[in-house]
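The values are calculated or read from the model by the stated rules, or taken from the named source; none is laboratory data. All of these numbers come straight from a predicted model, not from anything done at the bench. Cβ: placed from backbone, ideal geometry, glycine included. Neighbour counts: every protein chain shown. In case anyone asks, the SASA skips ligands and DNA or RNA and just uses the protein heavy atoms, side chains included. Shrake-Rupley method; radii C 1.70, N 1.55, O 1.52, S 1.80 Å.
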Amino acid sequence: MERFRVVGGGPLVGTVRVVGAKNSALKLMAAALLAPGATTLSSVPAILDVSIMAELLRRLGCDVVHDVEGGTVRIDVPERPGHRADYELVRAMRASISVLGPLTARLGIADVAVPGGDAIGSRGLDLHAAGLRTLGATVHVDHGYLVAEAPDGLVGAPVQLEFPSVGATENVLMASVLARGTTVIDNAAREPEIVDLATMLVEMGAEIEGAGTSTLVVTGVEQLHPVEHTVVPDRIATGTWAFAAAMTRGDVTIEGADHRHLTFVLDKLAGAGLDVEPLPGALRVRGTEQPTAFDVVTLPYPGFPTDLQPFALVYDAVAKGSAMVTENLFEARFHTATEVARLGADVRVDGHHALVRGRERLSAAPVVGSDIRAAAALVLAGLVADGVTTVEGVGHVDRGYPHLDADLRGLGADVVREPVPELVEGLL
Ligand code: UD1
């Protein structure tokens, strides 16, 4: 078992590169199931979750070649893939449930393990199931598996999502492209990753209108064909680096970033005194002496992304003034607050609000990250803490960031991986 050893230091300065979004790449890999033949994705991040999805697709009978260094994944889908996604893989990565829609559409049956508890909340599947039912599937839970069946094929219908869930929108969208007739998805999620998925589906031959708005209109087609597609840049990784520059009062150029997908966040940073400069194919963020704290309310896109909330919390902890951070999407997402308090931050949590009173610096301590973003945010917190902070949860970070520690070193930080001492490991 490893942990990060972070030495608190000065500003981060230099250039870092972001590639395709994790949250898009995984769904695009699932979407490949919709067409027999070889689909190739590029700008795929070198992260553990992509390897897990590759393994899941292999177990469904696909031939998957994952070039980690080159950032490509080639998925050769057989005429008749398998239809069961095992618990072993679904529990390792919740995004595995995005094979539900494509398999039901292609095969008329899908058995996908129910993911179970998640470190950031309960995260139900009711909207996924309701959407597929509206398209004519029967859906029930059988021995821990969500079983969707539509032996005579899915039929287009109006689908009203109770909440603009990203995952449910994606599953219903992928199911509807091969359904007979027209599907209208109302209250659809509008995230750039949904637009990326819709774009690839259209390239595959699907008929979709309204991507990026709350209403998706899908006219079902007989079949789709494989394509080559480049994954949309990772806006959450971009936001991570923007906050890293802000909280360390550094100067970071983020190559490969698309600032248009982060308008809300960047406006907040600019309003707090940061110098935010969009460049062609890049974004430069320069920190000031001590930027001002700002309130954050997480909301579906284009609101403030819940995935950046832990970074905002750490930022506010070392900013000038006080701020309220409100989490509306996941009920258990204030883990960072309790851990960053161990680093001396003045944070008080009350339900889904956290009141943060900024101070000049934090004070190093051992902390534990509970999910991808929490763990990464704590690594950044270590950079603005005096002394040596250790952060457990390296496995979480590797699920979402190709090489966070190496990238940080490239910007002048002192961050390394080290084994968790045996005594500590034995007690865990
Ligand atoms: C995706 C992202 C995640 C991000 C989230 C919100 C991936 C792999 N993950 O997760 O990083 O934080 O969007 O931007 O893309 N809900 C239900 N029933 C459902 C579905 C969702 O109650 O059937 C609830 C969830 O519990 C949660 C809220 O809706 O409270 C948002 O979830 P959703 O948008 O579906 O997020 P994910 O797709 O799981």
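Miscellaneous remarks
- A simple rule links phi to the HN-Hα coupling: the Karplus curve 6.51 cos²θ - 1.76 cosθ + 1.60 with θ = phi - 60°, which for segment 97-103 gives 5, 6, 7, 4, x, x, 5 Hz, with x for Gly and Pro.
- Estimated from helices alone, the mean residue ellipticity of the chain at 222 nm is -9500 deg cm²/dmol (sum of -39500 (n - 2.57) over DSSP H runs with n ≥ 4, per residue).
- Per-residue packing, averaged as other Cβ atoms within 10 Å, sorts the ranges 337-343, 237-243 into the order 237-243, 337-343, beginning with the highest.
- Dipole magnitude of segment 162-281 about its Cα centre (Cβ charges: Lys, Arg +1; Asp, Glu -1), debye to nearest 20: 260 debye
- The DSSP beta bridges internal to the chain are antiparallel in roughly 75% of cases.
- Dipole check for segment 22-230: with +1 at the C-beta of Lys and Arg, -1 at the C-beta of Asp and Glu, and the Cα centre as origin, the magnitude is about 240 Debye.
- Distance from segment 49-93 to segment 296-325 (C-alpha centre basis), Å: 34 Å
- Of all accessible heavy-atom area on the chain, the percent that carbon and sulfur account for (1.4 Å): 51 percent
- Sorting the segments 127-134, 199-206 by their mean number of nearby beta carbons within 10 angstrom, highest to lowest, gives 127-134, 199-206.
- Cα-centred dipole magnitude for the chain, charges only on beta-carbon of K, R (+1) and D, E (-1), debye, nearest 20: 500 debye
- Accessible area in square angstrom per residue, the chain, 1.4 angstrom probe: 38 Å²
- Projecting the Cα atoms of L154, H66, S24 onto the charge dipole of segment 22-230 (Cβ charges, centred on the Cα centre) puts L154 farthest toward the positive pole.
- Charge dipole (the chain, unit charges on Cβ, about Cα centre) - positive-most of T138, G369, V13: V13
- Gyration tensor (alpha-carbon) shape descriptor, the chain, a/c threshold 1.5: prolate
- Among the GluC sites (Glu not before Pro) in segment 1-94, those located in a DSSP loop and surrounded by at most 16 other Cβ atoms within 10 Å of their own Cβ are E69, E79.
- Positive minus negative residues near T182 (Lys, Arg vs Asp, Glu; Cβ under 14 Å): -2
- Selection among G108, Q223, A54 by position relative to the dipole of segment 22-230 gives G108 as farthest towards the positive end (Cβ unit charges, Cα centre).
- Relative contact order %, segment 293-345, counting alpha carbon pairs below 8 Å whose residues are six or more apart: 42 percent
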